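The values are calculated or read from the model by the stated rules, or taken from the named source; none is laboratory data. Quantities reported herein were computed from a predicted structural model and do not represent experimental measurements. Backbone-built Cβ (ideal geometry, glycine too); neighbour counts: all protein chains shown. When the accessible area is computed, the model is the full protein with side chains, heavy atoms only, and any ligands, DNA or RNA have been set aside. Shrake-Rupley method; radii C 1.70, N 1.55, O 1.52, S 1.80 Å.
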Amino acid sequence: MTVSGADIVELDRIAVQEALRVVDLAEPADWDRDTPCAGWDLRRLVAHMTAQHLGFAAAARGAGLEAAHWREPQDMDEPARVHRAAATAVLAAFAEPGTTEREFALPELGGSFPGRQAVRFHLVDYVVHAWDVAAALGVGVKLPDDVLAAALATARRVPTDPAVRGPGNAFAPALDVPDGSDPLDATLRLLGREPQRWPVAT
């Protein structure tokens with residue numbers, strides 16, 4: 001799938017808005033729920049999502065090497081509110097003219113990347129994290145075909161080397177993708193999720 005810089009920013013925005021929608025469904029009793037991210041409850045997952053938004057926003061503006069931008073918030077008493085503020089910040093940063101032509105420093109991924117590629121990384125992250133939240137809450141995700149196609153195209157390019165997969169790395173080891181899998185299911189499996197364990201979300 002070939003998309004322009006403007007297109008990938010718009011597709012990312014749609015994925016982020018869907019993640020916002022499902023996070024906003026959480027009730028106070030839901031924050032302790034298990035998620036597909038091993039060892040993380042919903043509050044911790046949303047703290048991670050918040051930190052990633054803030055880190056990518058900083059990277060879009062040339063400050064991605066500053067570790068403080070990637071730290072999870074200490075105050076997560078109102079996770080949805082904190083997450084929404086961070087999502088607003090990253091969407092504003094990505095919408096600035098020339099974003100996809102800049103270099104993004106992404107320390108967790110081991111270097112700097114062209115802006116268009118960095119936005120693709122963010123997009124696939126929020127397709128998957130929207131599903132993670134939906135899975136924890138027992139609801140479905142609503143993402144258009146072009147967003148899912150872009151996410152799958154990026155997921156297929158993520159290295160499968162065991163040295164960069166598993167605990168302490170950005171992604172779990174890839175799982176086999178059965179023939180006929182839909183784009184969301186294939187993306188999840190390529191990035192180490194087990195969608196069959198959380199059937200409502202898919």
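For region 20-30, the Karplus equation 6.51 cos²θ - 1.76 cosθ + 1.60, evaluated at θ = phi - 60°, returns couplings of 4, 4, 6, 4, 5, 6, 5, 9, x, 6, 7 Hz by residue, with Gly and Pro reported as x. Using a cutoff of 8 angstrom between alpha carbon atoms and counting only pairs six or more residues apart, the relative contact order for region 99-202 works out to 24 percent. In a shell of Cβ-Cβ distance under 13 Å around Pro79, excluding Pro79 itself, what net charge do Lys and Arg (+1) and Asp and Glu (-1) give? So the environment of Pro79 carries a net charge of -4.
A 1.4 Å probe run over the chain, with the rest of the protein chains in place, finds 48 Å² accessible per residue.
Computed over protein heavy atoms with a 1.4 Å probe, the carbon and sulfur contribution to the accessible area of the chain reaches 52%.
Taking 7 Å steps out from each Cα toward its Cβ at Ala85 and Ala172 produces label points 3.2 nm apart.
Per residue of the chain, the DSSP helices (runs of n ≥ 4 H) give a summed -39500 (n - 2.57) that works out to -16000 deg cm²/dmol at 222 nm. Here the convex hull built on the C-alpha positions of region 102-144 has a volume of 66 cubic angstrom per residue. Relative to the Cα centre, the charge distribution of region 86-202, modelled as +1 at Lys and Arg Cβ and -1 at Asp and Glu Cβ, gives a dipole magnitude of about 100 debye. Annotation for Ala92 and Arg21: the two label points, set 7 Å from Cα along the Cα-Cβ direction, are 2.4 nm apart.
Taking 37 °C and 0.692 mPa s as conditions, the chain diffuses translationally at an estimated 195 µm²/s according to Stokes-Einstein applied to its Kirkwood radius (Cα pairs).
In summary, region 23-143 shows an alpha-carbon radius of gyration equal to 1.06 times the 2.2 N^0.38 Å reference for compact globular proteins. Averaged over residues, the count of other Cβ atoms within 10 Å places the peptides 84-93, 119-128 in the sequence 119-128, 84-93, highest first. All other residues whose Cβ lies under 13 angstrom from that of Trp131 are scored, Lys and Arg at +1 and Asp and Glu at -1, for a net of -1. Across the chain, C-alpha contacts under 8 Å between residues 6 or more apart give a mean separation that, scaled by the residue count, equals a relative contact order of 24 percent.
Computed from label points 7 Å out along Cα-Cβ, the spacing between Leu109 and Asp146 is 2.1 nm.
Name the shape class, rounded, prolate or oblate, that the alpha-carbon gyration tensor gives for region 80-194, where a ≥ b ≥ c are the square roots of its eigenvalues, rounded holds for a/c under 1.5, and otherwise prolate holds if a/b is larger than b/c and oblate otherwise. Verdict is oblate for region 80-194. Backbone amide hydrogens, once placed in the peptide plane, bring Leu106 within less than 5 Å of Gly111, Ser112, Phe113, excluding anything fewer than 5 places away on its chain.
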